[in-house]
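Shown next, in structure tokens, is the structure this report addresses.
Coordinate-derived values only; no laboratory data. Remember, predicted model here, so these are calculated numbers, not experimental data. Cβ placement follows ideal geometry from the backbone for every residue including glycine, while neighbour counts extend to all protein chains displayed.
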There are 2 protein chains.
Amino acid sequence: MVHTGSCIASLIGQGGSRKYHLTWRWLRYFKNDRDRRDLITCGAAAGVAAAFRAPVGGVLFALEEAASWWRSALLWRTFFTTAVVAIVLRGFIQLCSTGTCGLFGQGGLIMYDISAANVVYSTPDILAVILLGVIGGILGSLYNYLVDKVLRTYSIINERGAAVKILLVIMISLLTSICSYGLPWLATCIPCPADASTSCPNTDVSGNYKSFQCPPGHYNDLASLFLNTNDDAIRNLLSTNTVKEFHISSLFIFFVAVYCLGIITYGIAIPSGLFIPVILAGSCYGRLVGRLFEPISKLDVGLFSLLGAASFLGGTMRMTVSLCVILLELTNDLLMLPLVMLVLLISKTMGDMFNKGVYDQIVKLKGLPYMEAHPEPYMKHLIARDVVTGPLITFSGVEKVGNILHSLKNTGHNGFPVIDEPPFSDAPELCGLVLRSKLLVLLKGKAFSKDRVLAGNKVLRKISELDFAKAGSGKGLKLEDLDIQEEEWDMYVDLHPIANTSPYTVVETMSLAKAAVLFRELGLRHMCVVPKSQEVGL
Amino acid sequence: MVHTGSCIASLIGQGGSRKYHLTWRWLRYFKNDRDRRDLITCGAAAGVAAAFRAPVGGVLFALEEAASWWRSALLWRTFFTTAVVAIVLRGFIQLCSTGTCGLFGQGGLIMYDISAANVVYSTPDILAVILLGVIGGILGSLYNYLVDKVLRTYSIINERGAAVKILLVIMISLLTSICSYGLPWLATCIPCPADASTSCPNTDVSGNYKSFQCPPGHYNDLASLFLNTNDDAIRNLLSTNTVKEFHISSLFIFFVAVYCLGIITYGIAIPSGLFIPVILAGSCYGRLVGRLFEPISKLDVGLFSLLGAASFLGGTMRMTVSLCVILLELTNDLLMLPLVMLVLLISKTMGDMFNKGVYDQIVKLKGLPYMEAHPEPYMKHLIARDVVTGPLITFSGVEKVGNILHSLKNTGHNGFPVIDEPPFSDAPELCGLVLRSKLLVLLKGKAFSKDRVLAGNKVLRKISELDFAKAGSGKGLKLEDLDIQEEEWDMYVDLHPIANTSPYTVVETMSLAKAAVLFRELGLRHMCVVPKSQEVGL
């Protein structure tokens, strides 16, 4: 859902898809880097809000995980997005309350309501919870480690072509099916409790107390977990006041199966997420711990289950505030908040001792250029001059068309500094920075002059402003699209109108760490490094 | 509470108070700008968390309102702080559950629990809620306007000395008392409802159904609101399934009284906040609207009351996410979340059409140097060169003591650029920036030399690093503390060791708006403006 939301937002940001003739004229205002980034953040927030029915959690998720940098306007925009999502969702749930929309709308706005449980805890419970948090954090970071290894293996397998990909998916599905149908045979039949709130045994698609192979009046606890949608399994695990519903052995089998299946399923060619498997494994683990601590703890096993889910989420995702709010919105149990916060703190701290969050790992694995919020320690010992890529290609203020074409062809640089030289200035000085995309548009417009003179804004009159608007990824002008004749190579073009005359600059002796922070906080794409010079003001 | 939290944090940030002999050696590590700012943010978060028993709301409040700039590390720190607050609070509430701590602990972790109400709403309810949001936003911004006017009047009155201040406080308290004891006489006695959950009539300190002047078996509804703690009044207003408890006329009288008293009380010389009066007035307004819409709306008046509080908060404070979470944590009613978000959206938008948030107004009124997140529109037409304060005082790398003293005496500048001149460099170039406070420490240390030579790190050996640590506000070295003899005036001091050799710089032609964003996002205090020069890298 997060993906879907972000993709829709990205599509809007690109002004619709030209391929499928879905373009809107008013969308052209979004054609720049900043608005596009904001839109994608809002899309991710809307995705989380819709998936977990947690609007505030969605805002926080987007801010904590998705947005690499943050503005108060962004907070307001994501809040607006998720508020709309919440209201639309509420409307649809009410429309579907008759049960005509399949499983949608089950549980209403609160998916796993456990607010009925009586929250009473004392010192031994808190000790149990701390232990749960520590082990949960370790298991979570182990999960990250294994997911990373499995993803690396899969990326090698998947490179061999589509057929191998499909084969892998089939194998994993077969394995999952075998587990789901085979393992419940290990469990023994349990007599139905007399005070069951739902029908027992149950032969519906979803619900608690599956009969499976058992005689009437009995149910198979393992089947109630395996042969269910993930949603229902989580709901069953979180159910309170049903201490004895699941055997310890059944919980253990289910936990091991879900933990392993979750790891090997992520990364195959199907749309699967991380959140639900982690919550499932975590809540099973929590219930297991709750059963083990039963003699000394007064806390309900359903609440232990919630805390287990929190510890797993904290151990893998390493988020805090947003997870806290998402769990609160999922379960509607405000009284558990102090314990959930405690568990998240502990499991995140434990996890951070071993490795990074699972999203950071995946970003690294995919080789996406993502800049860390904190500069690496080695950066403190380098200065900005050390990392400048040389040799630098610069243009003069009024440059030959041939030179520009040659540079564009032979380098992959995205930005080129423009240096004004005599006779346009007294001494060589930095005039600004031009971007590759803008150069291409300028060349396409063919605003060339025979002589080396300033053309001024005349150039821009030939080209409409909208052409300079940022095109969608992979949709921009390419060098091959240009059609420039040999005789035009010796003509001149004035770069002043399209140059950004005030790029952000740092002095060459600034420590790299400091420059990296500048780069990151401002959301820059290019930065100029200048030698020291006399300053004029403060 | 927010104030208290921030003050404690600020005290810790300054290394304790030397005046009261409360200093700790380990606190010296916090003696820098960044950590101090973070600490104060955490303090504000802890304050909100404790006041409203809303830990997550506290984190968001600190981020949305208090922190002018934001890092993911800060999120984690505030989360840690409020988690500790939540756990400590939970412990104390359990300790006080026997009722030995006065009113503390009433209501447990959820102060105004309305989760028992049945949340059902349809189209007419939503229309009513939208109207409520619009009017609430307008009333909220009117509140801001009046608070601003009243504060301006008070600041003139308060300047006349302590006696006038105390007189003002006495007058306001008298007025409040007259309202509280006089107005309830206007209300008629109402027979107690048969199904009252609490005793009726009630003669306790707090609680619902005050008897006041009424005969047994009757209660005075206006007295139940006036003659109560604010907390209990809010609880009474939010109480659900008690539609007829308060007369419309009583609600109207109480609303007008609370609205006006809230405005004139803020700003007098007593510790009072804005949150509780606004919630009180808002929930009364909401209940009033609920009563008026009774014929067409199925929503409980208690829930209308919550929405009224939300609309007032949105209209005055102009926060969104944090208010949403704080209200959620106060009332524990997740099902109301979509409506609360809707109301906040509407009331914030309405309020923003008229004036700024109340905190922004107060900051402006107090003349505190606070930088807006967004540059003003006029800044786009200025360039950085235009706002540089001249004439600039610079020092050369090795400067005469006399010159430095003279500059420190005659200017109020906080930072001085250091320019290296021949023979230390080929051409004049910017070496770095020295701060006033560091210059004073250096001069105090008297690391002078007779000749104009580089002293290197020898200087620093004379002065311990800790002396350079930032002192508490108003505690730093002052110019008068220096004791420099006439004959030392002609000696030289090497500024290289204490200069920051890589200040952030912008080119002089950068638009002021862009420079302001840089300044704000990085949390800078000084920025150098340099003329254009040839750059060496990208």
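Points worth noting:
- Each residue in B:175, B:307, A:342 was given a count of other beta-carbon atoms within 10 angstrom of its own, and listing them fewest first yields B:175, A:342, B:307.
- Label distances, nm, residue A:217 versus same residue in remaining copies, Cβ-directed 7 Å point: 5.7
- Additional length obtainable on full extension of the chain from residue B:244 to residue B:171, 0.36 nm per residue less Cα span: 22.8 nm
- Distance (nanometres) between label positions extended 7 Å along Cα→Cβ at residue B:229 and residue A:403: 7.8 nm
- Within-14-Å neighbourhood charge of residue B:287 [Cβ basis; K, R +1; D, E -1]: -1
- Using a 7 Å projection from Cα along Cα-to-Cβ, the label point at residue A:403 is separated from the same position in the remaining copies by 4.1 nm, smallest value first.
- With the label put 7 angstrom out from Cα along the Cα-to-Cβ vector, residue B:352 ends up 3.3 nm from the copy partners, going from closest to farthest.
- Ranked by how many other beta carbons lie within 10 Å on average, peptides A:355-362, A:250-257, B:282-289 from highest: B:282-289, A:250-257, A:355-362
- Here the label points at residue B:130 and residue B:145, each 7 Å from Cα along the C-beta direction, are separated by 2.5 nm in the simple model.
- Neighbour net charge for residue A:143 - beta-carbon separation under 13 angstrom, K R +1, D E -1: +2
- Within-14-Å neighbourhood charge of residue B:89 [Cβ basis; K, R +1; D, E -1]: +1
- Whether the range A:123-365 is rounded, prolate or oblate, judged on the alpha carbon gyration tensor where a/c under 1.5 counts as rounded: oblate
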